[in-house]
Each structure stands twice: as C-alpha cells, then as structure tokens.
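Notes to accompany the following structure.
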Amino acid sequence: MTSRRAFLKLTVAAGLAPAVASAQGTGRVVVIGGGFAGATAARTLKALEPRLSVTLVEPNRIFTACPFSNDVLAAIREISQQQFGYDGVVRAGVTLAQTAATAVDAAAKTVTLADGNRLSYDRLVMAPGIDFRWDALPGYDEAAAEKMPHAWKAGAQTVLLRQQLQAMNDGGLVVISSPANPYRCPPGPYERASLIAYWLKIWKPKSKLLILDSKDAFSKQRLFQNAWPQLYPGIVEWVSLSQGGKVTSVDPATLTFVTDFARHKAAVGNVIPPQKAGAIAAQAGVADRTGWCPVEPVAFESTLQPGIHVVGDAAIMGGMPKSAFAANAQAKVCAAAIVELLAGRKPVDPILINTCYSLVAPDYGISIAGVYRPDKGVLADIPGAGGTSPLEVVGGFRSQEALYAESWFKTITAETFG
Amino acid sequence: MRRLLLPVLASALLLASLAEGRPARAVEAPPGASSCTGCHAAQKIPDSVIPHIAGRKAADIATAMREYRSGAWPSSVMGRIAKGFDDSQIDAIAAWFAAQPE
Ligand SMILES: Cc1cc2nc3c(=O)[nH]c(=O)nc-3n(C[C@H](O)[C@H](O)[C@H](O)COP(=O)(O)OP(=O)(O)OC[C@H]3O[C@@H](n4cnc5c(N)ncnc54)[C@H](O)[C@@H]3O)c2cc1C
C-alpha cells in the first residue's frame, strides 16, 4: 500500500485535481496487441493503478488462442473453445481501440491507428506477437499458406489444416517443416506431430508423418522421442538438420518439400515458417537486425527506443522461451514496473517463471519449466531450477500432467482476458 | 477535504476491481509472485485441478514450497520451480498469497 500512498501524496502535493486530470496528464499508457502479453498488460495496469488511462489497440474482435490449437487439429477440441472476447478487458476499465496500429513515432510519443486516429502516450507497451518472414523460404508466401497451411497463428489456418487432414486418403504422407530457433513455442511442432499421429493412428492408420527439421535438437526432445515409438510405432519420423532435414524451398502446387538431399511430396503439408516480431515492431524502430526486439530485463523497455516496452513473443527475453505463459508473466512484471516508473520510482529486479505443457496424447502430458532473473543485462535461467518432466515415471504422472495442462489453459486465458 | 477523499476513492476503486476478479495486484507483490498466478490465479477457476492458493495460510504455502524444493513432497513442476527461490523469497511470496482475498 505504501507505493499507492506515495503516488497519491505526490499528486495531491502537486495540486493536481483528482483521478481524471492526473490520468490524462502523466498516466497515459497505450498497449499495442491484445494477445496473451498485451491483454494481460492492459488489465494489470488498470488493476494496479486505476487512475491510469490505458488504451488497448487490437484489430480483432475475437482472439483465437494458439495453446491447445493442436488439439483442434486432432479433432479433440473445437476452434470455438480457443476463442476469447475483450469484454473482460473493457470491464477492467481499459479503453479498446478496435483497429490496427499503423505507425509509432517514438520521438513524438504517438501511435497512429488504421482508423485515422492518433494516440499520445507517456509509456507504450508493444505486444504484437509474431509475423512470418515470407521472404525466408523460397516458394512459401501468403498464397502458398492457403495450400500448405502454417497454422502458427490460430484461426482459419488451424481449421484449414484440420480439413486437409480429414480429406486425406488413408496412407497419405503428412509433412511438417520445423524452423530454426528462435520461434514461437519451441515444443509446439513436436506436440503437433504427436497429436496428428494420435489422430492418424485412429482414423488413417496406414498414414505416416514426417518432421523435416532445421535443428539438431529441440525442446523436451527425449520425452517426445521416447514416447513416439511407444505410442505411434512406425508413424512418426524425425529428420534432423544434420540428417538433411532442413527445408530449402517448397512447391505449393505439388505440396513438395525440398531439402539438400531429397524431395518429399506430401498429401498434407504444414510449413512452420521462419518468424520475426510483429511487423509494427520494425516500423517503430524497436526490432534489431534479427527481426526481434532487444529489451532490458527489469521493465522490458526497448534498448533501442526509450519509453517503449516490448513483451511477449516479439521480445528477446534471454533464456525465456516464446510461450503464452511467459508472455503473461512478462506483461505482469512490465505493468508493475510501468506503474513504478510513472510514479518516479525505480522498479525492483523481478523473478519470472515459465511452465509449458505439451500433450503427446490427450492423456499424456509432459512439461518444461524455468525460473529467470536479470543477470548481466539479460533474463537468465536461475541455475539448479527448472527442467523437464522425468524420463522415467510411475503411476499416473503423465495423465496428471495432461490434466494440469488443461487447467493451466483455463487459468491463463482467465488471467489474460478476465 | 481532498486529502481524505482521494484515498477513499482509490480504495473503493480497488475493491471494485478485486470484486470483479481482475488479475492479482502485483505492485507490492514480491519478486516471482506475479508469475505464480499464471497457474494459481487470483480468481477461482472452475474444474481446475491446480490448487487455488490465494488466501491460504502463509505457513502452509511456505512449508509446501520448501518440501517441494527438497523433494520431500513429490511433485510434477513445483519441485523444479521451487528450486529457483530461497527461503526469504518463498516466505515473501507465501505472505503475499495469504494476504490476497480467497
Ligand atoms: C501450435 C501452438 C501451440 C502453442 N502452445 C502453447 C502452450 O501450450 N503453452 C504456451 O505457453 N504457449 C503456447 N504457444 C505459444 C503462444 O501462443 C505464444 O507464445 C503467445 O501467443 C504469445 O503472446 P503474444 O501476446 O506475444 O502474441 P499473440 O498472442 O500472438 O498476440 C499478439 C496480438 O497482437 C495483435 N497485433 C499485431 N500487430 C498489431 C498491430 N499493428 N496493431 C494492433 N494489434 C496488433 C494481434 O492481432 C494479436 O492479437 C503455442 C503456439 C502455437 C503456434
């Protein structure tokens, strides 16, 4: 309570009129992007300091969540269960600008919107998630994604990939190409392979699934690789980078994946393309040459543009993976730090946690966790903490983790959208 | 007059926000606490198998964290997470959760 009192004393001493004037004067925060990071940041800011004026800029009326969208592909969940509105965000006192941000002027501290309006801010939070690098994989552009879906932003693409799987003949080859690091949800491609294999085993048992990888190692690798032969014998094959797994081009007309060594013609092709921070980040000048956004590890303020904070998948967060859990955790820390900064105080060093569950089958869950703190200018793993589920377990450990996964999804979406 | 009114207004707003199940307040939350609510939310989540810990006794939360950390109590993720926190950090987080409305 001390900080709130101090803030109140400050505004009273300065002779400011209550609530409204101070909110319009020095407490305007604009948040770009209403996903796990942005919606959390906006609601948390209002919860911590109700007198702030907080505007959330998000073009979509309905948000479609990626976590658990692999279940939709396996027809054990419907896309409607992935969808969340912004009523809870508005109820929290956040102003919703239902349009896209088209330009950020870091010097003038303004955000231009697609509807023609312009917003001024004291602090800006950018949480635009990812965009695809359409120039990075020859043959793969937005038109190609209608033939070989990415389904890496959930919604119509997820539904398209599911329809393609359902229309495939038994005995068809499903190919997933997995990108080099960093990208959204490191274990996601392998959870996807697992759940598609689960569905193939039941409905199209003569089919096979091939993962062509641009990496030699991946998140929770041994857990996945132990489970595949056991649960889906003869169905899942993983080709690593050093085995020639890197896809160098695709041909959407024939659903062909080309590597240095082979051409794989798919019945269903899922390209998970190389990624970068949401395009508005580069426009605002907060993305570096990697395409992602460097930030300091306490308030996640851009190291390139003061006054702009970047959270979620768009940011370079040291050891933290690009996950919804991490995005939500970063947003809460960022919101608290912004309240401190606006009150003229220095935010304390945070500790953050990440926990990511993957389903290898609907009743078979595995997890990875980490604990992070600022160290030498980056968010670093706290040594000795974190790690994956054990390789050997007894009893109902895997089914228990599958239950935890489902409860986590209910929790994080309530934490984010209210 | 204004001196009196302002805090009353602010706390009324705060109470209203808590009543509507907004995210846990994090400004005085000790380091780490706001991440915990990614699984242990301030609000009750229907049908969740993850324990709701807001409003529980601080001593119980702190004991559980220590036992997870040492492995005395078996766990799935909690042991791995608890290893990232020392005793004073655990006590601060436990006290904060205990002070949240149940
Ligand atoms: C298949 C799959 C499975 C996954 N599973 C998990 C999981 O089990 N657990 C987990 O923790 N994570 C998981 N993830 C990762 C998770 O989805 C992301 O890490 C998370 O969505 C990141 O949140 P964000 O807020 O940064 O981005 P997003 O959630 O993508 O939100 C970005 C928002 O910004 C908006 N936006 C973009 N540009 C603009 C603009 N110019 N103006 C206004 N708004 C804009 C977008 O419309 C969008 O709503 C998974 C991802 C995938 C693809």
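Numerical summary
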item	result
Residue within the stretch A:383-405 that is in a helix (DSSP H, G or I), in contact with a strand residue (DSSP E or B) (Cβ under 9 Å, 6 or more places away or on another chain) and surrounded by fewer than 15 Cβ atoms within 10 Å (Cβ to Cβ) present	yes
Of all residues making up the stretch A:332-355, the number that are farther than 21 Å from B:Arg80 by Cβ and part of a helix (DSSP H, G or I)	9
Which numbered condition A:Arg91 fails, given (1) more than 9 Å from the ligand (Cβ to nearest atom); (2) within 28 Å of A:Met320 (Cβ to Cβ); (3) in contact with a Gly (Cβ under 8 Å, 6 or more places away or on another chain)	(2)
Any hit, the stretch A:124-131, residues being of a type outside the set (Ser, Thr, Tyr), away from the ligand (no atom under 16 Å from the Cβ) and either more than 18 Å from A:Lys265 (Cα to Cα) or in a strand (DSSP E or B) (or both)	no
Cβ pairs under 7 Å, 6+ apart, first in the stretch A:393-404 and at the interface with chain B (Cβ under 9 Å from one of its Cβ atoms) and at pLDDT 95 or above, second surrounded by 15 or more Cβ atoms within 10 Å (Cβ to Cβ) and part of a loop (DSSP other than H, G, I, E, B)	A:Phe397/B:Ser76; A:Gln400/B:Ser76; A:Glu401/A:Ser389; A:Glu401/B:Ser76; A:Tyr404/B:Ile50; A:Tyr404/B:Ser76
Number of positions in the stretch A:317-358 that are more than 15 Å from the ligand (Cβ to nearest atom) and more than 21 Å from A:Trp292 (Cα to Cα)	16
Lone qualifier among A:Ala75, A:Ala114 - being surrounded by fewer than 20 Cβ atoms within 10 Å (Cβ to Cβ), farther than 24 Å from A:Ala326 by Cα and in the same structural domain as A:Ala279 (by TED's automatic domain parsing)	A:Ala114
Subset of the stretch B:67-76 [in a helix (DSSP H, G or I) and within 14 Å of chain A (Cβ to nearest Cβ)]	B:Tyr68, B:Arg69, B:Ser70
One residue from A:Leu210, A:Leu231 being over 23 Å from A:Lys246 (Cα atoms) and touching a strand residue (DSSP E or B) at 6+ places or on another chain (Cβ under 8 Å)	A:Leu231
Selection within the stretch A:191-247 - within 16 Å of the ligand (Cβ to nearest atom) and surrounded by fewer than 16 Cβ atoms within 10 Å (Cβ to Cβ)	none
Residue count for the stretch A:33-77, restricted to those that are near the ligand (Cβ under 10 Å from one of its atoms) and in contact with a Pro (Cβ under 6 Å, 6 or more places away or on another chain)	1
Output for the stretch A:408-417, where each listed residue is buried (at least 20 other Cβ atoms within 10 Å of the Cβ) and within 7 Å of another protein chain (Cβ to nearest Cβ)	A:Trp408, A:Thr411, A:Ile412, A:Ala414, A:Glu415
Answer from A:Ser367, A:Ser358 - the residue that is more than 9 Å from chain B (Cβ to nearest Cβ), within 30 Å of A:Lys201 (Cβ to Cβ), of a type in the set (Gly, Ala, Ser) and part of a strand (DSSP E or B)	A:Ser358
Of all residues in the stretch A:287-319 being surrounded by 24 or more Cβ atoms within 10 Å (Cβ to Cβ) and aliphatic (A, V, I, L, M), the one that is nearest to A:Ser367 (Cα to Cα)	A:Met317
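The values are calculated or read from the model by the stated rules, or taken from the named source; none is laboratory data. On a predicted model such as this, the values are computed, not experimentally measured, just so you know. Neighbour counts are summed over all protein chains in view; Cβ atoms, including those assigned to glycine, are modelled from backbone coordinates with ideal geometry.
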